[in-house]
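Each remark here refers to the structure printed beneath this line.
Computed from the coordinates by the stated procedures, all read-outs in this text should not be read as laboratory data. A quick note: this is a predicted structure, and the numbers were derived from the prediction, not measured. Positions of Cβ are generated from backbone atoms using ideal geometry, with glycine treated the same way; all protein chains shown enter the neighbour counts.
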Amino acid sequence: MIGLDTNVLLRLLTRDDARQHAAAKRFIARNCSRADPAFINRVVVLECVWVLESFYEYSREQAADAIDGLLLVAEFDVEDAPVIRETIEEYRAGADFADAFTACSNADRECTSTATFDTAAAKRLGHFSAIR
């Protein structure tokens, strides 16, 4: 199995560099399949959303759609895909992606709550609890 870095996914998603976009597509076509998919770890997903929002100025909906699309590619094995799907739902509902990812990941690991000083996140995400 081959892992993919954030910059490869960004070239595929944004097509901002035609040469690298074509190289990424060729690489995936030659080296990844349903039987032997490329691995996308959870840090890469988190970083991808951050870069799409901050550098490429994607809207929340565009970034969510991009990650949803990655989850549908048979040649990709996205780490913790069910948690990512739940995170996208929270994100679409207005939560910060990183906060939602933390809450959903911790809930998936059977944490009863996630303690935070971020009162806004605690109000938005049921799994967060504010430390007072």
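Can you compute the helix-only [θ] at 222 nm over the chain? Use -39500 (n - 2.57) per DSSP H run of at least 4 residues, normalise by all residues, nearest 500 deg cm²/dmol.
On the way: 7 runs with 79 residues, N = 132.
Taken over the chain, the calculation gives -18500 deg cm²/dmol.
Just name one of 39, 117, 8: the one whose Cα is farthest towards the positive end of the charge dipole of the chain (beta-carbon charges, Lys/Arg +1, Asp/Glu -1).
After comparing all options, I get 8.
So if I place +1 on the C-beta of Lys and Arg and -1 on the C-beta of Asp and Glu, and nothing else carries charge, what would the dipole magnitude of the stretch 62-131 be about its Cα centre? I want it in debye, nearest 20. Each step should come with its number before you reach the end.
Working: 5 positive and 14 negative charges, 77 e Å.
Around 360 debye, computed over the stretch 62-131.
Quick one: plug the Kirkwood hydrodynamic radius of the stretch 63-132 (C-alpha pairs) into Stokes-Einstein at 10 °C, 1.306 mPa s, and report D in µm²/s.
Roughly 127 µm²/s, to the nearest whole number.
Taking amide hydrogens as modeled 1.01 Å from N in the peptide plane, which residues meet the under 5 Å criterion relative to residue 129, leaving out close sequence neighbours?
Sorted by chain and number, the residues that satisfy this are 114, 115, 116.
Calculate, for residue 33 and residue 92, the FRET efficiency according to 1/(1 + (r/R0)^6) with r their C-beta to C-beta distance and R0 35 Å; round to the nearest 0.05.
Once rounded, the FRET efficiency stands at 0.70.
Taking the Cβ of residue 37 as the centre, find all other residues whose Cβ is under 10 Å away and add up their charges (Lys, Arg: +1; Asp, Glu: -1).
Surrounding charge for residue 37 is -2.
Using only the alpha carbons of the chain, what is the convex hull's orientation-averaged projected area in square nanometres?
Numbers: hull surface 33.0 nm².
The directionally averaged projection comes out at 8.2 nm².
Which whole-Hz couplings ³J(HN,Hα) result when phi for each residue of the stretch 67-77 is put into the Karplus expression 6.51 cos²θ - 1.76 cosθ + 1.60, θ = phi - 60°, listed in order with x for Gly and Pro?
Ordered by residue, 3J(HN,Hα) equals 5, 4, x, 4, 5, 8, 6, 5, 7, 10, 10 Hz.
Going by amide H atoms built from the backbone, whose H comes under 5 Å of the H on residue 38, apart from near neighbours?
Counting only residues 5 or more places away or on other chains, the set is 33, 76, 77.
Pick from 72, 46, 12 the residue whose mean-square fluctuation is largest in a GNM of the chain, springs joining Cα atoms under 10 Å.
Evaluated over the chain, the most mobile residue of the options is 72.
With the cut-off at 1.5 for a/c, could you classify the stretch 1-44 from its C-alpha gyration tensor as rounded, prolate or oblate? Walk me through the intermediate numbers first.
Working: a/c = 2.86, a/b = 1.31, b/c = 2.19.
Taking the square roots of the gyration eigenvalues as a ≥ b ≥ c, the stretch 1-44 is oblate.
Compute, for the chain, the length of the dipole vector about the Cα centre, with Cβ point charges of +1 (Lys, Arg) and -1 (Asp, Glu) only. Units Debye, rounded to 20. Show your work: numbers first, answer last.
Values: 15 positive and 22 negative charges, 50 e Å.
In total the dipole reaches around 240 debye.
Once R0 is set to 41 Å, what does the formula 1/(1 + (r/R0)^6) return for the Cβ-Cβ distance between residue 111 and residue 23, expressed as a FRET efficiency to the nearest 0.05?
0.50
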